[in-house]
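What follows is a single structure, written as structure tokens, with notes after it.
Each value in this text was obtained by applying a stated rule to the coordinates, not by laboratory testing. Note that the coordinates shown come from a computational prediction; the quantities given were computed from them, not determined experimentally. Cβ atoms come from the backbone with ideal geometry, glycine included; neighbour counts cover every protein chain shown.
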Amino acid sequence: MDRLIIRGGRRLEGTVQVRGAKNAALPQIAASLLGAAPITLNNLPDVADVGTMLTLIGQYGVQVDRSGPSSVTLNAANASNAEAAYDVVRRMRATLLVLGPLVARFGAARVSMPGGCAIGARPVDLHLKALTALGATVDLEAGYITAKASQGLRGGRILFPSPSVGATETAMMAAVLARGESEIVNAAREPEVRDLAQCLIALGARIEGAGTHQIRIQGVSQLQGGRQDILPDRVEAGTYAVAAAITGGQLELTGTRLEHLAAVGEALERAGVRLWPTDRGLMVSRPGPLRSIDIVTEPYPGFSTDLQAQFMALMTIAPDESTIRETVFENRFMHVPELARLGANISLQGTSALVRGVSALKGAPVMATDLRASVSLVLAGLVAEGETVVNRVYHLDRGYEALDRKLIRCGADIRRAAG
Ligand code: EPU
């Protein structure tokens, strides 16, 4: 497995092109299973998770035509609900997103329990609740989820006790082909949910309210073909914003907008970082000293859990104390012991981390087992004295397109080595 060798201490300056959002692309690829007419997705990020999802839907008989690294046409005319190989499903949790479309179109599906980043228990109960509310019979046994609706799904009211991005997407994809009207209450409001709704609407679905707590869907008998541009990746943008901040540099992030960052933009400003819109996107600069601030992760528009690890890396070199509380996933702190290897002073108490800033980090070999934890180590490596080796780069490649090349172009000293 590749590793990244980083020599810290370079101030980053330049331009980074922000690509389409992985977490918007994955459900939209799954949505191709809903209809028999081709759909084209543009601004697709070239990352391993997207490759996994394309392989998965290929196993269901979807024809996948890539007309370039960032564009794909998916034709599910000859698709079926035959079971997919466990070897593909185990690679990431988002493979679960095929469940809703398969039951909606074929009346039955059997999907093995998904794998994914080890960031908490990550149950599937809310996905199953959504399908049950739409009339499916759902069973969980021997590592498989089976869902059946032999007469087709029917509209229903789906009330989530807490918002879930994936379960809202499952509910929405299933309800677009259900007979009658459905309502999703306490829906996730993430921009990726809204982007999926826009994609489905382009295919003929009737959806109102996506992006709010309450989504209403009028079922249609079938979807047509269409095209969609995937929205820019707010987590990729936020990660490069932290790269500018941690190195005291200045980066222009093209293809994104300040409002995409929501609470993360405000937190960066409070921490001494300056952000402003440009014609092509967003400028991020850290002109003076950092300030330690407290953050709490929350569903959108709150501070994104997907940027918590990166922000913690930034706070390790801020002057005072910072409390970082994680409320979305109970166990998303795998980066803490690894940041400590670089000299960070962090103590964990339940779902909170207390970060006491240190004057400098020191390079060391590190490794992380999830995507955002891994990237936080790269960010820390950019300022650590000497050499940091980030092992198992595989995790980074799951969700960041050409991370090392993009950073190198802005002045970072990074080398990728095999094995
Ligand atoms: N949850 C349940 N039951 C369920 C589903 C979720 O209890 O059936 C819980 C989870 O355990 C978690 C909370 O609900 O505590 C929120 O999870 P959510 O379902 O919203 O997360 P997800 O859909 O599995 C997506 C992103 C994650 C991102 C979260 C939160 C995709 C493919 N993944 O996951 O992205 O952290 O929403 O915003 O969209 C990443 O990109 O690194 C990543 C992990």
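The mean sequence separation of alpha-carbon pairs under 8 Å and at least six residues apart, normalised by the residue count of the range 271-343, gives a relative contact order of 27 percent. Peptides 269-275, 402-408, 189-195, 239-245, ordered by how many other C-beta atoms sit within 10 Å of their residues on average, highest first, read 239-245, 189-195, 402-408, 269-275. Under conditions of 10 °C and 1.306 mPa s, the range 10-87 yields 118 µm² s⁻¹ as its translational diffusion coefficient, taking Rh as the Kirkwood radius over Cα pairs in the Stokes-Einstein equation.
The stretch between residue 278 and residue 179 holds 31.0 nm of extra length on full extension. This uses 0.36 nm per residue minus the Cα-Cα distance.
Distance between the modelled labels on residue 360 and residue 46, one decimal in nanometres: 3.8 nm (7 Å Cα→Cβ projection). The charge dipole of the range 71-228, taken about its Cα centre with unit charges on the Cβ atoms of Lys, Arg (+1), Asp and Glu (-1) only, comes to about 140 debye. Sorting the segments 302-314, 158-170, 383-395 by their residues' average number of neighbouring beta-carbon atoms within 10 angstrom, most packed first, yields 302-314, 158-170, 383-395. Straightening the chain between residue 77 and residue 327 buys 85.8 nm, computed as 0.36 nm per residue apart minus the Cα-Cα spacing.
Within 12 Å, Cβ to Cβ, of residue 155, how many net charges do the neighbouring residues add up to if Lys/Arg are +1 and Asp/Glu are -1? Within the 12 Å Cβ shell, the charges total +3. Magnitude of the charge dipole for the chain, about its Cα centre and with charges confined to Cβ atoms of Lys, Arg (+1) and Asp, Glu (-1), is about 280 debye. State the Cα centre-to-centre distance between the range 189-245 and the range 374-416 in whole Å. First find each Cα centre; the distance between them is then 29 Å.
Rounded to the nearest 20, the Cβ-based charge dipole of the range 1-85 about its Cα centre (Lys and Arg +1, Asp and Glu -1) stands at 460 debye. Panel note: the C-alpha atoms of the range 200-292, placed on their principal axes, show extents of 58, 26, 18 Å (largest first). Dividing the Cα radius of gyration of the chain by its Kirkwood radius returns 0.98 for Rg/Rh. At full extension, residue 320 and residue 86 could sit 79.5 nm farther apart than now, given 0.36 nm per residue minus the alpha carbon distance. Separation of the range 26-87 and the range 124-149 by C-alpha centroid, Å? If you average the Cα positions of each part, the centres end up 23 Å apart.
Beta-bridge orientation, the chain: approximately 75 percent antiparallel, per DSSP, counting only bridges with both partners inside.
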